[in-house]
């Protein structure tokens, strides 16, 4: 069952000088209930903008200029601010990057979860709220009694768990996590991956994992969306992306990532830098760095459409057969 | 591995006292001690690349500090090219060299500078370790000015050019009048490396040099570090918590846990056939970028214990999935798996040779 469908989403940022920068352009994807989607790409590829758009919490300068986000038969981009508030956190929740460091240091962890529960009127009394907060902590593997402690008494891994518990306060159906394992030690990272997998399974959650770490995506995501310069480069299930990538960018990205299972193998970086938003190439966004485009004039002049080359495998490249 | 090691770390201990509160003092509580390093020993061959891996709190950064003489060890020695680094940086040069040592005649500052010329460090964050108000040339030439090597302007320029171009910023004239904010993340980290190379050191300590960088830039910097061995014949110690990047370009790997090296050996061998249960767990949880190669994760519960109260016996036993009764009492010695590969685990003889 499709839980959320994004169609042709375009987002711009308006600079102080009034110039519109295209951060996301014509992005489409769908999210199945109970599956996990990895949103990957380098810094500046627009992955965070997509995620903020899903919650409709773009910063002041951000504008959604086009597109649809279909959830439960409604277009989330068309409904009013008060209606979106009923969806935000209750249906779609999010764990922000570095949120574990944003817990209030002078309040207990439990009271911070209780606050979220009361704010969203999930519970009738403070007593119920405490009970529910305890359940949420247990759900993420923290003993309920530790809720009485302050954030500084928690280790980094436990703080990340507590933040996940908070995001789950309203029983959401979709959980978006921005770099949930970055800056954690490798063993703690594995514990968090294991936790997210368990939550996905037990609660039938749809997960969106936003990260630049291909290893984490390969470990835990069912599907992968590779973004480049604000557009979709390739979208398929994990096995296809990692074993049969078709877009030249996906291929290069994988070659640049060290594989612990093959120590000593060659690494190849991608020459050049991702495009700047104020200087996007006229054709394919990846053309200036592409090793295949050569003298192909189409690549230089025209943005490639996203084509389904096999069932469920979408690629935006002029050079891919079948595209 | 027959040449004389450039670096010998010999049973190094480093303890930091914990500040007592007034209440603790009144109660007469003894001063507690953090055991950052607790008996670290290893050797590094000239132009070798050694990975020092471990979680936060394992002591890998403290090792780096002691190698450079930025800290004085509580016990044990670091010998850099045969000379005791701690004594060197404190101005009492011990004569472990049989040859007459003119360095012992120098003032303390000069001795420290003499050490620094030969051992340099690359820091983690290229955005914060460059002065935004200096041009690239000013940044890279600064070490030459500090060390006052008696070079004339043309010679300095030559050194800066060589350092920048060896780091892939060629032609150097293209870059050296710019400011750091005009460079990309990868180029900035190249400037940081060039600043470390301009003194033509023999040893480079790279402390998590790529953890802040994007995937493709990361590959770029790691490839650069690897190429330096060819172009400059340099020895590199690469500190990281990321086994996958270490696996790509290092010769040997030392795995640290709670202030001690628990396993050391050729990188490929340690990653493919880890023998210490801690290394096995670390390797099993390192994400593999291919869903077909997913492995069974051996997740250790909890986190690295507090280094104030080290566990009795084997320091890993409270988290070890295969620990037996004896592990609580006996601090395991190193067992040689082969001439180059050893690990400190009591159960090692019983592990199947597979």
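Observations, loosely collected:
- Index of the failed condition, residue B:253 passing every other in (1) assigned to a loop (DSSP other than H, G, I, E, B); (2) within 22 Å of the chain's Cα centre (by Cα): (1)
Results for (1) within 29 Å of residue A:284 (Cα to Cα); (2) free of Cβ contacts under 8 Å to residues at least 40 places away in the same chain; (3) within 14 Å of chain B (Cβ to nearest Cβ), shown as yes or no for each residue.
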| site | (1), (2), (3) |
| --- | --- |
| A:10 | yes, no, no |
| A:16 | yes, yes, no |
| A:22 | yes, no, no |
| A:83 | no, yes, no |
| A:88 | no, yes, no |
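- The residues of region A:149-158 that are within 13 Å of chain B (Cβ to nearest Cβ) and either under 19 Å from the mean Cα position of the chain (by Cα) or crowded, with 19+ Cβ neighbours inside 10 Å (or both), listed by number, are A:157, A:158.
- Residue in region B:249-259 that is free of Cβ contacts under 8 Å to residues at least 60 places away in the same chain, within 25 Å of residue B:205 (Cα to Cα) and either in contact with a strand residue (DSSP E or B) (Cβ under 9 Å, 6 or more places away or on another chain) or crowded, with 24+ Cβ neighbours inside 10 Å (or both) present: no
- Single match in A:107, A:146 (criterion: surrounded by fewer than 17 Cβ atoms within 10 Å (Cβ to Cβ), part of a loop (DSSP other than H, G, I, E, B) and in contact (Cβ under 8 Å) with a residue 24 or more places away in the chain): A:107
- Checked against (1) part of a helix (DSSP H, G or I); (2) within 28 Å of residue A:45 (Cα to Cα); (3) touching a helix residue (DSSP H, G or I) at 6+ places or on another chain (Cβ under 6 Å), residue A:138 meets all criteria but (2).
- Complete set of residues in region A:245-259 that are free of Cβ contacts under 8 Å to residues at least 24 places away in the same chain, assigned to a loop (DSSP other than H, G, I, E, B) and out of contact with any strand residue (DSSP E or B) (no Cβ under 8 Å at 6 or more places or on another chain): A:256, A:258, A:259
- Residue match in region B:246-256 (condition: more than 7 Å from chain A (Cβ to nearest Cβ) and within 30 Å of residue A:140 (Cβ to Cβ)): yes
- One residue stands out in region A:205-239 among those that are surrounded by fewer than 19 Cβ atoms within 10 Å (Cβ to Cβ) and outside any loop (DSSP other than H, G, I, E, B): the one that is farthest from the other protein chains (Cβ to nearest Cβ), namely A:237.
- Evaluated against (1) under 23 Å from residue B:50 (Cα atoms); (2) surrounded by fewer than 24 Cβ atoms within 10 Å (Cβ to Cβ); (3) in contact with a strand residue (DSSP E or B) (Cβ under 7 Å, 6 or more places away or on another chain), residue B:308 falls short on exactly one condition, (1).
- Qualifying residue in region B:213-231 (condition: away from every other protein chain (no Cβ under 12 Å) and under 14 Å from the mean Cα position of the chain (by Cα)): no
- Looking only at region A:240-261, and only at residues there that are touching a helix residue (DSSP H, G or I) at 6+ places or on another chain (Cβ under 7 Å) and more than 10 Å from chain B (Cβ to nearest Cβ), the one that is surrounded by the most Cβ atoms within 10 Å (Cβ to Cβ): A:250
- Scan of region A:262-294 for residues that are touching a helix residue (DSSP H, G or I) at 6+ places or on another chain (Cβ under 7 Å), within 7 Å of chain B (Cβ to nearest Cβ) and buried (at least 17 other Cβ atoms within 10 Å of the Cβ), ordered by number: A:263, A:267, A:269, A:270
- Residue B:289 fulfils the conditions (1) within 26 Å of residue A:158 (Cβ to Cβ); (2) within 11 Å of chain A (Cβ to nearest Cβ) except for a single criterion, (1).
- Residue ID - nearest to the other protein chains (Cβ to nearest Cβ), chosen from residues in region B:292-341 that are assigned to a loop (DSSP other than H, G, I, E, B) and farther than 25 Å from residue A:188 by Cα: B:340
- Residue match in region A:184-204 (condition: in a strand (DSSP E or B) and either under 29 Å from residue A:244 (Cβ atoms) or modelled with pLDDT under 95 (or both)): no
- Restricting attention to region A:43-81, the residues that are part of a helix (DSSP H, G or I) and surrounded by fewer than 17 Cβ atoms within 10 Å (Cβ to Cβ) total 1.
- When each of A:177, A:169, A:162, A:133 is tested for being in contact (Cβ under 8 Å) with a residue 12 or more places away in the chain, crowded, with 20+ Cβ neighbours inside 10 Å, away from every other protein chain (no Cβ under 14 Å) and part of a loop (DSSP other than H, G, I, E, B), the lone residue that passes is A:169.
- Among the residues listed as B:291, B:277, the single one being buried (at least 22 other Cβ atoms within 10 Å of the Cβ), closer than 30 Å to residue A:180 by Cα and more than 22 Å from the chain's Cα centre (by Cα): B:277
The values are calculated or read from the model by the stated rules, or taken from the named source; none is laboratory data. In this text, all values refer to a predicted model and were calculated from it rather than measured experimentally. Backbone-built Cβ (ideal geometry, glycine too); neighbour counts: all protein chains shown.
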